[in-house]
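The values are calculated or read from the model by the stated rules, or taken from the named source; none is laboratory data. In this text, all values refer to a predicted model and were calculated from it rather than measured experimentally. Positions of Cβ are generated from backbone atoms using ideal geometry, with glycine treated the same way; all protein chains shown enter the neighbour counts. SASA here: full protein model, heavy atoms, side chains in, ligands and nucleic acids out. Shrake-Rupley method; radii C 1.70, N 1.55, O 1.52, S 1.80 Å.
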There are 2 protein chains.
Amino acid sequence: MNFRIICIGKLKEQYLRDAEGEYFKRLSRFGVIYVTELKDSPVPAVASRAEEDAAKRTEGAAILKVLGSMNRNKHYVIALDRGGKDLSSEELAGKLSSLAAGGKSTVVFIIGGSLGMSDEVRSAADYTLSFGSKTYPHRLMRVILAEQIYRACKISVGETYHK
Amino acid sequence: MNFRIICIGKLKEQYLRDAEGEYFKRLSRFGVIYVTELKDSPVPAVASRAEEDAAKRTEGAAILKVLGSMNRNKHYVIALDRGGKDLSSEELAGKLSSLAAGGKSTVVFIIGGSLGMSDEVRSAADYTLSFGSKTYPHRLMRVILAEQIYRACKISVGETYHK
């Protein structure tokens, strides 16, 4: 199983790059993982709701363009969203395993930008996955997601993985 | 409001130390935050359930000892546990604000070790807070918690804080 993370903007902080890199390194024995970083749409420091929505839609359009280029028979798209299903790590592992068994070669995860995710992106995904009720910075979310993918792979092959 | 995090073991990874340090630095304008790192109880690589439970109880006893030394009228103890209440970031901010208004000077957060948290510790806490259904490494949890405390403080003073 391969994994692709689509997100907005670069990881500026070295410690986040190092953390994500560490999980990617560990993940490499389970499959290929790659990241598509799309350009963020800057908004003024004090932005109106309309300006924020416009920026979110621009970012969303860029994500939809990437999704449009994929063979959706082979790709399964999971949007990260607080309103989605808050699977446990074991349930996520089970889901990824059954996707692989069902012929999907790549699971695509989408992390929205600092303004969140547009409804269009949410609708275009096959599934929305929640990481609980809290809001996290989208860049830290990349690290949290990488760890959970790694954890899911470990669970799927029956290896122990501590809290 | 001051914050104290009680946890098991040290942060070995430099990127986690840097990430936690960054949030602590930002938090410093809201209050003092300090960490009490207790010794972990090593278990064999292949440990029996009984060995794991014994180690968890030993770690729990050390946590209880620290709690016992506190003036519980001034301290409010929140144990992090998947089975707890999965407050949103806004709800957590509201809770911390009302604790401060109610005369608590310090909120104490407890993160269990790699084997989890003993029932005794869970019972000794004033509240159990969940970060959703997923299991995270206890060291990464320190970073996730530090960010949420910082986010809660920002929300409480009415500052914007992006996703």
Please indicate, with yes or no, whether at least one residue in the range A:7-23 is away from chain B (no Cβ under 12 Å), closer than 23 Å to A:ALA125 by Cα, over 18 Å from the mean Cα position of the chain (by Cα) and not aromatic (Phe, Trp, Tyr).
-> no
If we keep just the residues of the range B:59-103 that are part of a strand (DSSP E or B) and of a type in the set (D, E, K, R), which is farthest from B:CYS7 (Cα to Cα)?
-> B:LYS85
Of the residues in the range A:113-135 that are at pLDDT 95 or above, at the interface with chain B (Cβ under 7 Å from one of its Cβ atoms) and open to solvent by 10 Å² or more (accessible area, probe 1.4 Å), the one that is farthest from B:LEU140 (Cα to Cα) is A:SER133
Selection from the range A:21-52 of residues that are touching a residue at least 40 places away in the same chain (Cβ under 8 Å), touching a Phe, Trp or Tyr at 6+ places or on another chain (Cβ under 9 Å) and not hydrophobic (A, V, I, L, M, F, W, C) | A:TYR23, A:ARG26, A:GLY31
Evaluate the following for B:GLU91: is it surrounded by 19 or more Cβ atoms within 10 Å (Cβ to Cβ), facing chain A (nearest Cβ under 8 Å) and of a type in the set (Asp, Glu)?
-> no
Which members of the range B:15-47 meet the condition of being assigned to a loop (DSSP other than H, G, I, E, B) and either open to solvent by less than 70 Å² (accessible area, probe 1.4 Å) or over 21 Å from B:ALA152 (Cα atoms) (or both)?
-> B:PHE30, B:GLY31, B:LYS39, B:ASP40, B:SER41, B:PRO42, B:VAL43, B:PRO44, B:ALA45, B:VAL46, B:ALA47
Using the structure shown, decide if A:ARG57 is in contact with a Phe, Trp or Tyr (Cβ under 6 Å, 6 or more places away or on another chain) and surrounded by fewer than 18 Cβ atoms within 10 Å (Cβ to Cβ).
-> no
Among (1) open to solvent by 40 Å² or more (accessible area, probe 1.4 Å); (2) within 11 Å of another protein chain (Cβ to nearest Cβ); (3) at pLDDT below 95, which single condition is B:ARG72 missing?
-> (2)
With criteria (1) assigned to a loop (DSSP other than H, G, I, E, B); (2) open to solvent by 70 Å² or more (accessible area, probe 1.4 Å); (3) at pLDDT 95 or above, B:LEU11 comes up short on (2)
Looking only at the range B:136-163, which residues are touching an Asp or Glu at 6+ places or on another chain (Cβ under 8 Å), touching a residue at least 12 places away in the same chain (Cβ under 8 Å) and open to solvent by less than 30 Å² (accessible area, probe 1.4 Å)?
-> B:PRO137, B:LEU140, B:ARG142, B:VAL143, B:ALA146
